[in-house]
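Enquirer: Can you read through this structure? Questions will come right after.
Read-outs throughout are calculated quantities, based only on the coordinates presented, and are distinct from any laboratory measurement. The model shown is predicted, which means the values in this text are computed figures rather than measured ones. Cβ placement follows ideal geometry from the backbone for every residue including glycine, while neighbour counts extend to all protein chains displayed.
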Amino acid sequence: MEKLYLFVLGRDPELSIIEIESFLQSKNINYEILDTNKNIAAIKLSQFETSFVDYLGGTIKVGEVISNTNKLDEIEENLELSELYKGTKNKINYYISGFSTDLTSFVEDFLKDYFKKIKLKALYRKETTPSSIIKKEILKEGLDLIIYKNFIARTIAVSNLIELKQRDIQRPSVDYMKSISLRLAKILINLSKIKENETLLDPFCGSGSILQEAMLNNINVIGIDKDKESIKQSSDNLEWLKENYPIKANYRLFNLDSRKMSSVVSKVDAVVTEPYLGPYIRKLPNIEEAKSLIFDLTNLYSSIIKQSSEILGKGKRLIIIIPRLKTVEGKTLYIDIRSLVEQNKFYLVYEPVIYAYSKSKIIREICVLEKH
Ligand SMILES: C[S@@+](CC[C@H](N)C(=O)[O-])C[C@H]1O[C@@H](n2cnc3c(N)ncnc32)[C@H](O)[C@@H]1O
């Protein structure tokens, strides 16, 4: 049966939406995105499991819609019927977060009366964080409502950022200067539409953030890096992961220049990577320096895209981050990704999506390529 859900999106909503779409497509779940803004997506789904938020890097929480009308008497009726508190305590906390809606104060008043009527001591807070929802077990012993326009939803799944943070800190070996966040790693993996038991390649694996998050989804992984130390870091992290999580997937690591990757890999189901994006930039380059860097990077990416095309079958994806370089003169230089895509039998599934770390001097573009 189809139901309506509100997805509360993370910092990069455009990316979160295409991640959700790819994820649902890979699971063959029918969906229709009814409405979105920069915080929320209202999505009709043929199937939903609360574990989905643990896979999605760009979704903060998901609520099941219990009312979708602007008629106040109908809202009251919908809320009455939806058995708002299912726990056993006589004192609870409840939260409401409203987005682009003028229903919040109406629902606040309704809940005050409702809890009085059912004789439950209920403490109201306007907003909360995903971590405190988890710490205080609000989904079991409280209530969290999301209101977007006329949609009122009860939160049923929250991203466990505490667990993610712990994994990030506890893994034995990370170079934060080089590595992407685990949240972004998850997003990139989902964009690739890879499924359990398939094989993912990261040809610039660094300390293995993408590899580890893929293995947690029972995806077999291959990592390549030309830096011996990075391969050692990946190896330490993946061994630690296997010891600490119930993982069936396998990994293989190669200390190699990825321009030679087809000498060790003949077929994979997805290539997902943040490649070398140029040297660490303290101050902006001038236009000549930037042009020379763009030239070198284009050669490197050309080789990677060409070889990825050889090892990926029809319909399989290459997810690659490419930089845009800002210069001291105020210009921005681009890699000509479109011609590399066309020359190598790929097409761009989406317009490249910008992902900018606030402090970073380079702008990252996330490109989703699919093989013709
Ligand atoms: C941006 S980091 C990748 C970070 C990784 N995604 C992570 O989260 O840990 C780029 C990596 O590419 C490696 N690298 C640079 N040029 C390479 C090449 N030609 N072949 C293979 N690896 C290369 C570097 O050693 C570095 O570890």
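Enquirer: Check each of the chymotrypsin sites (Phe, Trp or Tyr not before Pro) in the stretch 101-209 and keep only those in coil by DSSP with at most 15 other C-beta atoms within 10 angstrom; list them in order.
Expert: Y176
Enquirer: What is the extension gain from S262 to L123, computed as 0.36 nm multiplied by their sequence separation minus the C-alpha to C-alpha distance, in nm to one decimal?
Expert: 44.0 nm
Enquirer: Distances longer than 27 Å among the Cα atoms of the stretch 164-371: what percent of all pairs is that?
Expert: Counting every Cα pair in the stretch 164-371, those more than 27 Å apart make up 27 percent.
Enquirer: Estimate the FRET efficiency between K44 and E288 by the formula 1/(1 + (r/R0)^6), using the beta-carbon distance for r and 41 Å for R0, to the nearest 0.05.
Expert: It comes to 0.20.
Enquirer: Going through the stretch 15-106, which GluC sites (Glu not before Pro) have at most 16 other Cβ atoms within 10 Å and a DSSP loop state?
Expert: Those that pass, being in a loop and sparsely packed, are E49, E83.
Enquirer: Something else now. If one computes P(r) from the Cα atoms of the chain, what percent of pairs lie at distances over 30 Å?
Expert: The share of Cα pairs beyond 30 Å in the chain comes to 45 percent.
Enquirer: What angle do you read, to the nearest 10 degrees and between 0 and 90, between the alpha-carbon axis of helix 161-170 and the longest principal axis of the chain?
Expert: 40
Enquirer: With the crude spin-label approximation of a point 7 Å out along Cα→Cβ, what separation in nm comes out for K135 versus D227?
Expert: Between K135 and D227, the simple spin-label model gives 3.5 nm.
Enquirer: Could you tell me which trypsin sites (Lys or Arg not before Pro) in the stretch 281-372 are loop residues by DSSP with no more than 13 other beta carbons within 10 angstrom of their beta carbon?
Expert: Answer by residue number: R282, K283, K314, K331, K359.
Enquirer: Can you give the angle from 0 to 90° between the axis of helix 287-311 and the longest principal axis of the chain, with both taken from C-alpha atoms, to the nearest 10?
Expert: 80
Enquirer: Please compute the length gained on full extension between V349 and D102, using 0.36 nm multiplied by the number of residues separating them and subtracting their Cα-Cα distance.
Expert: The span from V349 to D102 would gain 85.3 nm if fully extended.
Enquirer: Next question, about the same structure. How would you classify the stretch 177-281 from its alpha-carbon gyration tensor, with a ≥ b ≥ c the square roots of the eigenvalues: rounded for a/c under 1.5, else prolate if a/b is greater than b/c, otherwise oblate?
Expert: rounded
Enquirer: Kindly express, to the nearest 10 degrees and within the range 0 to 90, the angle between helix 182-191's C-alpha long axis and the longest C-alpha principal axis of the chain.
Expert: For helix 182-191, the angle is close to 80 degrees.
Enquirer: Right, next: Could you tell me the calculated FRET efficiency between K361 and E83, based on Cβ-Cβ distance and R0 = 45 angstrom, to the nearest 0.05?
Expert: Plugging the Cβ-Cβ distance into 1/(1 + (r/R0)^6) gives 0.30.
Enquirer: Tell me, V65, V264, V349 in order of fewest to most beta-carbon neighbours within 10 Å?
Expert: V264, V349, V65
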